[in-house]
Structure formats: structure tokens, C-alpha cells
Amino acid sequence: MNSKTPARRALSTCAVGFTTVGLLALGVGTASAHVSVAPASTTENGYSQLTFSVPNESETAGTNKLEVQLPADTPFTSVRVKPIEGWTAEVVSGELPEPVTTPDGATVTVAPLSVVWTAEAGNEISQQEYQTFAISVGRLPESGTVVTLPAVQSYTDGSVRAWDEPAVEGGEEPESPAPAFTTTAAEGEGAHGAAPADTAGTEEEEAAASSTGTVDSEPAASTASDGSNAAGWAGLVAGLLGLAAGVTALVRTRRA
């Protein structure tokens, strides 16, 4: 009876190790599985392609609708949607809560307020899948502005997931973080996306250059999200080390 006790303890250790690894791996997946945005450019006063990554988190339903709210305090004067096969898109414009003066000196009272994508039958985002949705927007607000783009994800079973919680710098990532990025200063006179109004390129030229990475080719990432993912991977490594220790104990017990 006593001779089996060490073996049982070793097996228990292995079971705990496997469970820890599984939970940590699940934690890593959960931390990164949310609607996010990657801007091709973040330069103030320029145009940019914003790409939203939308994973399906439901185990029983598919994602059939996505609605992204656009900023009303620093509105985009131009929004264009990249077509997606099997999905329809609508840019919804409306009156702003308060008039806004653009960098060009114009007063804006009506602007795009949201973009809504709806899946046609049979084109929903299924389990273990994701889809990307892209829009061309401009002009971006002044450097240092946090552009928050709350999103609502709808499923075929009628359930809805809102991604609308703002991240706090230096704090933990919210459970349902809103897609966001921060604008940056121009790199110099004539820098792409920051030219004066009388010398700026057309929106198509700006967006095309941005999408090829002429400026800020590395998409802006969420600091909170990176920190959460790093912590998750660190935990996963710790779990694997614990598992290795359990296996070693089991081997020694069998030899004994």
C-alpha cells in the first residue's frame, strides 16, 4: 500500500501539470480573442486604412454582424469601406452632438457615425474562424489623440457581445476592450499623411500608400493587450516547467 503512494503522488503531480498547462493555454487564447484594430498609418492629419480583426468566440453560433462606432468628438470627414464577399456594408452618417472645426478650418455638423457589416446567409464567421474588415478614413486628429472605436459583435443565436471598455494606460486589460489606437506626429515637413491642405495628396493616394506601409508600416498595438499576452505566455512556460518536474518525479518513482 505504502509503495504505491509515491507513484500516486507523482501521477497527481502530472495531472496538475497538465491541468495548469491547459488552463494557461486557454487563458492565452482568451486574452487575445477580441475585436481589435490595426491602423496602417497613425500620422495626424492624414488618411489611414483601419483593419478590424474579428474572431468568433461562440461555440454554438456564428458571427453575422459587426457594428463599429466612429468618433464624434474628432470625426472623420471621409469613410470608405473595402468590399468583402458575402457581406454587405453601410456607412451611417448623422448629425454630431456639437459642431467640430477641422484642421482645415471647416465647421462640420454632419459626419459618418458608424459602419455596419452584415453577413449574407451562409457567410457567417464560424467556430475557430475570424474575419477582417477594412475601412479607409481621414483625416486623423492631432498627434496624441486616442481614437476609440467601440464595436458590437452579433451572433446567429441572437446573442450580442459589446467591445466598448476603454483601456487605462498602465492598468490591466479590460474584459471587453474597445478597439483603439493613438495618433502620432508627422516625421517632418512633407511627411506622408501630414502635408498642408493645399499640397496634400488625394484620399486614394493617402490610403494606398498607408496600406503598403509607407508610413508606420508596423500596426499600432495595444499596450494592455501585449502585457496580457506576455503574462499569459510566461504562465504557460511556468506550467510546462511544472509538468516536466512531475514527469521526472514519476520516472524516479518507477525506477525506485
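The values are calculated or read from the model by the stated rules, or taken from the named source; none is laboratory data. Quick caveat: nothing in here was measured; it's all calculated off a predicted structure. Don't worry about glycine lacking a Cβ; one is built from the backbone with ideal geometry, like all the others, and counts go over all protein chains shown.
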Original post:
In region 147-177, which residues are in a strand (DSSP E or B), in contact (Cβ under 8 Å) with a residue 60 or more places away in the chain and more than 16 Å from the chain's Cα centre (by Cα)?
Top reply: S154, Y155
Original post:
Does E120 count as of a type outside the set (K, R) and over 11 Å from N64 (Cα atoms)?
Top reply: no
**OP:** Scan S78, S114 and give me the residue that is touching a helix residue (DSSP H, G or I) at 6+ places or on another chain (Cβ under 6 Å) and among the small types (G, A, S).
**Re:** S78
Subject >> Evaluation of L66 against (1) within 17 Å of N123 (Cα to Cα); (2) surrounded by fewer than 23 Cβ atoms within 10 Å (Cβ to Cβ) (one fails), failing number >> reply: (2)
Original post:
Counting only residues that are touching a residue at least 40 places away in the same chain (Cβ under 8 Å) and under 15 Å from the mean Cα position of the chain (by Cα), how many does region 130-146 have?
Top reply: 6
Subject >> Matching entry among V110, V137 (being modelled with pLDDT of 95 or more, surrounded by 20 or more Cβ atoms within 10 Å (Cβ to Cβ) and more than 16 Å from S36 (Cα to Cα)) >> reply: V137
Subject >> Tabulated pairs, region 70-82, first aromatic (F, W, Y), second modelled with pLDDT of 95 or more and assigned to a strand (DSSP E or B), C-beta under 6 angstrom, 6+ apart or interchain >> reply: F76/P112; F76/V137
